[in-house]
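**Student:** There's a structure below that I have some questions on.
The values are calculated or read from the model by the stated rules, or taken from the named source; none is laboratory data. Predicted, not measured: the structure shown is a model, and the values here were computed from it. Cβ sites come from the backbone with ideal geometry, for glycine too, and all protein chains shown count toward neighbours. Only protein heavy atoms, including side chains, enter the accessible area calculation; ligands, DNA and RNA are left aside. Shrake-Rupley method; radii C 1.70, N 1.55, O 1.52, S 1.80 Å.
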Amino acid sequence: MTATEERPTPMGYGPMNRKEDARFVRGHGNYVDDIVLPGMLHGAVLRSPYAHARILSVDTSAAQAHPKVRAVITGETLAGLNLAWMPTLSHDVQAVLATDKVRFQGQEVAFVVAEDRYSARDALELIDVDYEPLPPVVDARKALDADAPVIRDDLEGRTDNHIFDWETGDKAATDDVFDRAEVVAAQDMLYPRVHPAPMETCGAVADLDKITGKLTVYTTTQAPHAHRTVYAMVAGLPEHKIRIVSPDIGGGFGNKVGIYPGYVCAIVGSIVTGKPVKWMEDRSENLMSTSFARDYHMRGEIAATRDGKILGLRVKVIADHGAFNGTAQPTKFPAGFFGVFTGSYDLQAAHCEVTGVYTNKAPGGVAYACSFRITEAVYLVERLVDVLAYDLGVDPAQLRMRNLLRPEQFPYESKTGWEYDSGDYPKALRLALEQVGYEELRVEQAAKRDRGELMGIGVSFFTEAVGAGPRKHMDILGLGMADGAELRVHPTGKAVLRLSCQTQGQGHETTFAQIVAEELGISPDDIDVVHGDTDQTPFGLGTYGSRSTPVSGAATAVAARRVRERAKLVASAMLEVSPDDLEWEKGRWFVKGDPAASKTISEIALAAHADLELPEGVEGHLDAACVYNPPNLTYPFGAYVCVVDVDAETGQVKVRKFVAVDDCGVRINPIIVEGQVHGGLADGVGMALMQVMAFDEDGNHLGGSFMDYLLPTSMECPSWELGETVTPSPHHPIGAKGIGESATVGSPAAVVNAVVDALRPYGVRHADMPLTPAAVWRAAQGDPIRT
Ligand code: CDP
């Protein structure tokens with residue numbers, strides 16, 4: 001059965017077609033750009049042509065004179081409102097519209113509000129900005145050089161481009177392990193700057209009602225409640241007078257977590273003109289100025305015994321954070337969850353140091369389909385294991401099998417302090433190797449090598465840490481990371497579930513209804529899932545880092561269980577028995593030993609609203625809510641094997657086969673899980689083989705369109721072959737772990753390992769992403785590192 005065929009609705013978990021597809025496949029999605037309000041004006045952003053330049057003057061007079069222009073907003077205008085700078089998600093500040101300098105190409109300099117989009121764009125051409133170009137910092141590895149230009153001279157006392165130093169693990173113990181190790185393998189590698197590139201670009205429609213004083217912002221955000229709070233704090237507006245509506249979203253992938261200057265300008269535009277103002281960026285703007293991901297220059301070392309027992313890891317990273325430190329991660333973790341770089345292996349000690357620096361590039365550092373830098377961490381360790389296998393001359397799959405954590409070690413505390421909740425790693429790797437036919441592939445490869453043909457087999461194993469996060473050590477901008485769910489059961493037994501998380505295409509309207517169905521026996525078709533409107537939903541920090549199922553999914557299950565317990569009291573009154581005499585079967589409470597004496601959940605719901613004398617503890621209906629503070633993250637994992645053929649003449653890589661075995665605990669909807677994995681695998685192929693946000697030495701952005709910044713298509717992707725193991729999370733109410741990003745996290749290393757393996761006859765031990773034909777060819781000539 002394919003995903004598009006009709007299938008019966010399951011009363012709980014199981015394959016179910018997505019409820020939201022009814023509108024999506026008919027073209028009835030409602031995106032920000034579909035929103036049209038009476039009298040709405042249109043905004044456009046003037047952007048810097050320079051990566052680094054002083055602003056000498058901004059002359060807006062000609063633009064103001066344009067007959068269709070209603071307002072021109074500059075940094076000076078905003079400074080008058082104390083809005084020229086806004087906080088970033090990492091406790092830095094970012095210019096909304098530049099006043100003193102521009103610090104990356106594409107930075108926002110002015111905002112025009114006009115009667116239509118075309119006039120707004122035309123008027124941008126009429127703004128005259130006088131710049132004095134300054135030397136830019138493009139290479140993060142040179143950002144701390146003594147003669148590097150200081151980018152953030154707006155920050156008091158700042159004399160260099162240093163942002164932070166962060167370390168984790170035990171340095172002394174790690175050095176000791178390395179001193180004693182028989183073998184040490186080291187490798188420099190770059191996880192290049194990439195971009196989430198969602199199908200829908202970012203935008204907002206801001207509408208300030210001057211009578212009520214209420215500001216409504218329809219916007220592309222993965223975190224509506226967090227946006228509302230930040231707007232309240234920045235603009236000094238009362239929070240209850242702000243409503244953020246995040247309608248259908250055409251992909252987020254981390255790109256829509258932060259607040260962009262365009263959103264703030266649309267709001268100011270509405271305040272200034274008294275009309276609703278729409279701002280939608282175009283593709284180039286999205287690629288040039290919204291949040292990038294990765295950009296980690298890493299040096300990793302792995303210590304082992306000569307017979308292949310991994311002992312320790314030592315890592316140094318230079319993290320390129322762009323012109324403003326706008327990375328998204330919990331406050332305590334400036335390098336996100338990179339601390340999970342010890343991966344899936346049983347080792348004695350580990351230590352890493354990360355230094356964050358400013359460069360003249362767009363800010364961001366978002367968790368692009370990953371839990372706060374885990375993609376970088378997994379790539380690093382999985383490359384190092386392959387480098388070690390290369391040096392030792394052993395099979396990389398066997399080396400992994402020998403060193404994987406064993407099932408009896410869970411819950412496992414990693415050497416950097418993370419408590420992995422559960423797992424059976426060898427089982428997943430064995431399954432993946434069997435499924436791909438690993439032994440046979442190695443035989444085929446040997447025969448091909450004899451004939452001078454290049455074939456590679458790449459293995460990766462990953463552990464993710466998703467579901468940020470426990471309030472005791474996680475917050476974003478001081479806001480704790482608990483999430484809410486409210487479940488209302490109507491008198492007729494239908495229900496509405498209100499969530500603080502925000503879907504961007506992951507199918508929440510289906511799977512969250514399935515969680516309620518599983519707990520209460522109400523059909524998912526009878527449960528409406530409401531999200532993306534701060535006036536309609538409980539507070540929570542939104543959807544990124546695969547946190548929806550681990551946090552909001554748990555909140556949903558707990559709220560449903562509270563409904564069930566309340567229903568039990570009502571049923572006991574209806575059946576005139578003690579609650580202790582009742583037993584639950586999906587959809588009804590019945591009397592123990594007398595299954596015919598029962599009340600269904602809809603009978604109970606009606607009774608709770610009717611004239612039944614309610615028992616103590618029931619106020620009048622079944623509704624319940626939960627704010628869920630997760631006790632730990634959940635730790636999905638997986639084993640991936642990629643097979644490639646490489647054309648020695650052209651450097652062209654063909655991904656021939658890809659087996660992905662994922663374990664995300666209990667699967668709510670297996671076909672949605674599959675879809676999530678398919679998307680992530682395609683992402684991985686894109687990053688491994690074709691994507692990089694490149695800059696020239698003047699800081700000019702070289703990837704401003706999809707002609708330059710390449711997205712993988714079905715031509716580059718094989719027919720994915722999936723497998724699964726199920727290790728329920730012991731602390732999650734339904735045993736589920738996140739899945740949304742596993743494949744993006746785990747697959748790039750598998751692809752790169754495969755390509756490097758194919759190039760082994762050329763003595764290639766490592767090659768940096770993206771492995772474009774030119775890079776593969778260069779690596780074969782002995783030049784594997786991107787510079
Ligand atoms: O936070 P985000 O929705 O991006 O990621 P997620 O929590 O991993 O969920 C992605 C989608 O997969 C959602 O529709 C989940 O309900 C679904 N899922 C599932 O069916 N079973 C799981 N064990 C995990 C997620």
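**Student:** Can A63 be described as open to solvent by less than 30 Å² (accessible area, probe 1.4 Å), touching a residue at least 12 places away in the same chain (Cβ under 8 Å) and among the aliphatic types (A, V, I, L, M)?
**Tutor:** It is true that A63 is open to solvent by less than 30 Å² (accessible area, probe 1.4 Å), touching a residue at least 12 places away in the same chain (Cβ under 8 Å) and among the aliphatic types (A, V, I, L, M).
**Student:** Which one is nearest to G336 (Cα to Cα) among residues in segment 90-116 that are of a type outside the set (D, E) and out of contact with any helix residue (DSSP H, G or I) (no Cβ under 9 Å at 6 or more places or on another chain)?
**Tutor:** S90
**Student:** Go over the candidates K214, K241 one by one and state the one that is touching a residue at least 24 places away in the same chain (Cβ under 8 Å), surrounded by fewer than 18 Cβ atoms within 10 Å (Cβ to Cβ) and closer than 17 Å to T537 by Cα.
**Tutor:** The unique qualifying residue is K241.
**Student:** Still on this structure, I have one more. Do the conditions hold for T511, that is, is it among the hydroxyl-bearing types (S, T, Y), within 12 Å of the ligand (Cβ to nearest atom) and open to solvent by 10 Å² or more (accessible area, probe 1.4 Å)?
**Tutor:** When the stated conditions are applied, T511 passes them.
**Student:** Can we say L541 is part of a helix (DSSP H, G or I) and either touching a Gly at 6+ places or on another chain (Cβ under 7 Å) or within 16 Å of the ligand (Cβ to nearest atom) (or both)?
**Tutor:** no
**Student:** Looking only at segment 89-105, count how many residues are out of contact with any Asp or Glu (no Cβ under 9 Å at 6 or more places or on another chain) and either over 15 Å from K361 (Cα atoms) or open to solvent by 10 Å² or more (accessible area, probe 1.4 Å) (or both).
**Tutor:** 5
**Student:** Okay, moving on. Please enumerate the residues belonging to segment 622-641 that are in a strand (DSSP E or B) and more than 16 Å from the ligand (Cβ to nearest atom).
**Tutor:** Answer for segment 622-641, where residues must be in a strand (DSSP E or B) and more than 16 Å from the ligand (Cβ to nearest atom): A624, A625, C626, V627, A639, Y640, V641.
**Student:** Considering only segment 3-46, how many residues are without any contact (Cβ under 8 Å) to a residue 24 or more places away in the chain, polar (S, T, N, Q) and more than 30 Å from G521 (Cβ to Cβ)?
**Tutor:** 0
**Student:** Here's another thing I want to ask about it. Do you know which of the residues in segment 514-530 that are among the charged types (D, E, K, R) and either over 22 Å from P491 (Cβ atoms) or assigned to a helix (DSSP H, G or I) (or both) is nearest to the ligand (Cβ to nearest atom)?
**Tutor:** Applying the filter and picking the extreme gives E518.
**Student:** Would you point out the residue of segment 676-719, among those that are closer than 30 Å to P10 by Cα and buried (at least 18 other Cβ atoms within 10 Å of the Cβ), that is nearest to the ligand (Cβ to nearest atom)?
**Tutor:** Q676
**Student:** So, in segment 642-672, exactly how many residues are out of contact with any strand residue (DSSP E or B) (no Cβ under 9 Å at 6 or more places or on another chain), open to solvent by 10 Å² or more (accessible area, probe 1.4 Å) and within 16 Å of the ligand (Cβ to nearest atom)?
**Tutor:** 2
**Student:** Would you check if there is a residue in segment 741-753 being open to solvent by 10 Å² or more (accessible area, probe 1.4 Å) and hydrophobic (A, V, I, L, M, F, W, C)?
**Tutor:** For segment 741-753, residues open to solvent by 10 Å² or more (accessible area, probe 1.4 Å) and hydrophobic (A, V, I, L, M, F, W, C): absent.
**Student:** Can you name every residue in segment 444-491 that is hydrophobic (A, V, I, L, M, F, W, C), within 16 Å of the ligand (Cβ to nearest atom) and within 30 Å of A377 (Cα to Cα)?
**Tutor:** F462, A465, V466, A468, M474, I476, M481, A482
**Student:** Would you check which residues across segment 492-508 are closer than 23 Å to G251 by Cα and more than 14 Å from the ligand (Cβ to nearest atom) and list them?
**Tutor:** Hit for segment 492-508 is R498, nothing else.
**Student:** Just wondering, is there one or more residues in segment 464-478 that are at pLDDT 95 or above, open to solvent by 30 Å² or more (accessible area, probe 1.4 Å) and not small (G, A, S)?
**Tutor:** no
**Student:** Quick check, is T556 β-branched (V, I, T), closer than 23 Å to G617 by Cα and within 11 Å of the ligand (Cβ to nearest atom)?
**Tutor:** yes
**Student:** Moving on. In segment 391-420, how many are open to solvent by 10 Å² or more (accessible area, probe 1.4 Å) and touching a Pro at 6+ places or on another chain (Cβ under 8 Å)?
**Tutor:** Of the residues in that region, 5 qualify.
**Student:** With the requirement that a residue be in contact with a Pro (Cβ under 7 Å, 6 or more places away or on another chain) and not hydroxyl-bearing (S, T, Y), what does segment 634-658 give you?
**Tutor:** G651, Q652, V655, R656, K657, F658
This table checks each residue for (1) in a loop (DSSP other than H, G, I, E, B); (2) open to solvent by less than 30 Å² (accessible area, probe 1.4 Å); (3) not aromatic (F, W, Y).
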position: R294; (1), (2), (3): no, yes, yes
position: G312; (1), (2), (3): no, yes, yes
position: I318; (1), (2), (3): no, no, yes
position: G322; (1), (2), (3): yes, yes, yes
position: A328; (1), (2), (3): yes, yes, yes
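**Student:** I'd like the full set of residues that are open to solvent by 10 Å² or more (accessible area, probe 1.4 Å) and of a type outside the set (D, E, K, R), limited to segment 330-346.
**Tutor:** T331, F333, P334
**Student:** Continuing with the same structure: In segment 224-238, how many are free of Cβ contacts under 8 Å to residues at least 24 places away in the same chain and under 26 Å from S548 (Cβ atoms)?
**Tutor:** So the answer is 1.
**Student:** Yes or no: segment 564-577 includes at least one residue that is within 16 Å of the ligand (Cβ to nearest atom), outside any helix (DSSP H, G or I) and touching a strand residue (DSSP E or B) at 6+ places or on another chain (Cβ under 6 Å).
**Tutor:** no
**Student:** Quick one: which of E613, E619, E583 is assigned by TED's automatic domain parsing to the domain that holds R562, part of a strand (DSSP E or B), surrounded by fewer than 16 Cβ atoms within 10 Å (Cβ to Cβ) and more than 26 Å from the chain's Cα centre (by Cα)?
**Tutor:** When all the criteria are applied, what remains is E583.
**Student:** With the structure loaded, tell me whether V45 is in contact with an Asp or Glu (Cβ under 7 Å, 6 or more places away or on another chain), in a strand (DSSP E or B), open to solvent by less than 60 Å² (accessible area, probe 1.4 Å) and modelled with pLDDT of 95 or more or whether it fails that test.
**Tutor:** yes
**Student:** Here are some conditions: (1) farther than 30 Å from P630 by Cα; (2) open to solvent by 10 Å² or more (accessible area, probe 1.4 Å). H731 meets all but one. Which one does it not meet?
**Tutor:** (1)
**Student:** How many of the residues making up segment 120-134 are surrounded by fewer than 17 Cβ atoms within 10 Å (Cβ to Cβ) and either touching a Gly at 6+ places or on another chain (Cβ under 9 Å) or β-branched (V, I, T) (or both)?
**Tutor:** 0
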